[in-house]
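Right, one structure below, let's go through it.
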Amino acid sequence: MISVHLILFLVFGAVAVAGAVNLLAQRHPINSALSLIAVMAALAGEYLLLGAEFVAAVQVIVYAGAVMVLFVFTIMLLNAGVEEHTKGSHVASLFGIPGVLLGSILIAWAVLRNSGTEAVAAGPWINTVSNGRPQDLPGSPETIGPLLFHEFLLPFEITSVLILIAIMGAVVLASKPPSTSSGPAKEAGN
Amino acid sequence: MVPLSYYLVLSGILFACGVTGFLIKRNIISIFMSIELMLNGVNLSFVAFAAHWHALAGQVFVFFVMVVAAAEAAVGLAIIIAVYRTRETLNVDQVNLLKL
């Protein structure tokens, strides 16, 4: 019997794989970005199926929201057009696509052979909802928060330093170069 | 109930798509998006393992991966803007010199 879980998994997985393949097929970066957003939204659905509701929310807000807005903004800022292919890139696709196909088939074969289908992932979402106790979700903020602020406090604080460095690096890198390099004649225009 | 291996296979497929994009794409922004796709594939396997072993630490790792990915996106896109300012191109085949 096919459960609701499996159907939802297959639907979201099909959307994710279709988006990933579309990302490869599209020549224009903005189309690739939109299909990547579809992949991330589908993955948020997969996270919900796995009971990780907080991770799903963060996936939508941070990944599909903030990071992809940054990507789309950069694409529009730089006016990125259709990518052109050279001889070297054709060689890369000639060897890259079969190699990656072979690798993914090998991974799938190894995983399916070794773990089979007897290892059942816990799908607490539908169970707890049917039990009428949705607060028992394992991935809710109530359970993630103490873990994040007690056991993983040091990585969490290091993360803040990392973000600070990233902000400063982004500002320094993306800011206009000093006007001394642009020559004295153009300084008035800048 | 969905077996754990299905999630791992989906994660592997997404990661393989990311590797393929990294290899065949010539636009530097598309290459960057392929890296994000790879990170997403790994995140899915993290969450699947966390649900399977009832270990919430896997979901915390996903947060750290997301934070690192966001920082990487900010810095990487700033580098792309800087490269575009000096080279006037986004094609990685034409960005092969350290110094102009």
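A short reminder: the numbers here are calculations on the coordinates, not readings from a lab. None of these values were measured; they are calculated from a predicted model. Using ideal geometry, Cβ is built from the backbone for each residue, glycine included, and neighbour counts are taken over all protein chains shown.
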**OP:** Using the charge dipole of segment B:4-94 (Lys, Arg: +1 at Cβ; Asp, Glu: -1 at Cβ; taken about the Cα centre), state which of B:Asn40, B:Gln59, B:Ser5 has its Cα farthest towards the positive end.
**Re:** B:Asn40
Original post:
Expressed as an acute angle from 0 to 90° and rounded to the nearest 10, what is the orientation of the C-alpha long axis of helix B:28-53 relative to the principal long axis of chain B?
Top reply: 10
Subject >> 0 to 90° range, to nearest 10: angle between helix B:57-87 axis and chain B longest Cα axis >> reply: 10
Original post:
Per 5 Å bin, what percent of the C-alpha pairs of the protein assembly as shown does each bin hold, from zero upward?
Top reply: 1, 5, 11, 15, 16, 15, 13, 10, 7, 4, 2, 1, 1, 0, 0, 0
**OP:** Would you mind classifying segment B:4-94 by shape? Square roots of the alpha carbon gyration tensor eigenvalues, ordered a ≥ b ≥ c; an a/c under 1.5 is rounded, otherwise it is prolate if a/b is larger than b/c and oblate if not.
**Re:** oblate
Original post:
Karplus couplings for segment B:12-22 from phi (6.51 cos²θ - 1.76 cosθ + 1.60, θ = phi - 60°), rounded to Hz, Gly and Pro as x?
Top reply: x, 5, 5, 4, 5, 4, x, 5, 4, x, 4
Subject >> Within the protein assembly as shown, helix-based [θ] at 222 nm, where runs of 4 or more DSSP H residues each add -39,500 (n - 2.57), nearest 500 >> reply: -24000 deg cm²/dmol
Subject >> Loop-located trypsin sites (Lys or Arg not before Pro) in chain B, at most 16 other Cβ atoms within 10 Å (DSSP) >> reply: B:Lys99
Original post:
Given Cα pairs under 8 Å that are at least 6 residues apart, what percent is the relative contact order of chain B?
Top reply: 27
**OP:** Just check segment B:55-98 against the gyration tensor rule for me: Cα atoms, a ≥ b ≥ c as the square roots of the eigenvalues, rounded for a/c under 1.5, and otherwise prolate or oblate depending on whether a/b exceeds b/c.
**Re:** prolate
**OP:** Let me know the mean shielding of B:54-60 by other chains, meaning the per-residue number of their Cβ atoms within 10 Å of its Cβ.
**Re:** 6
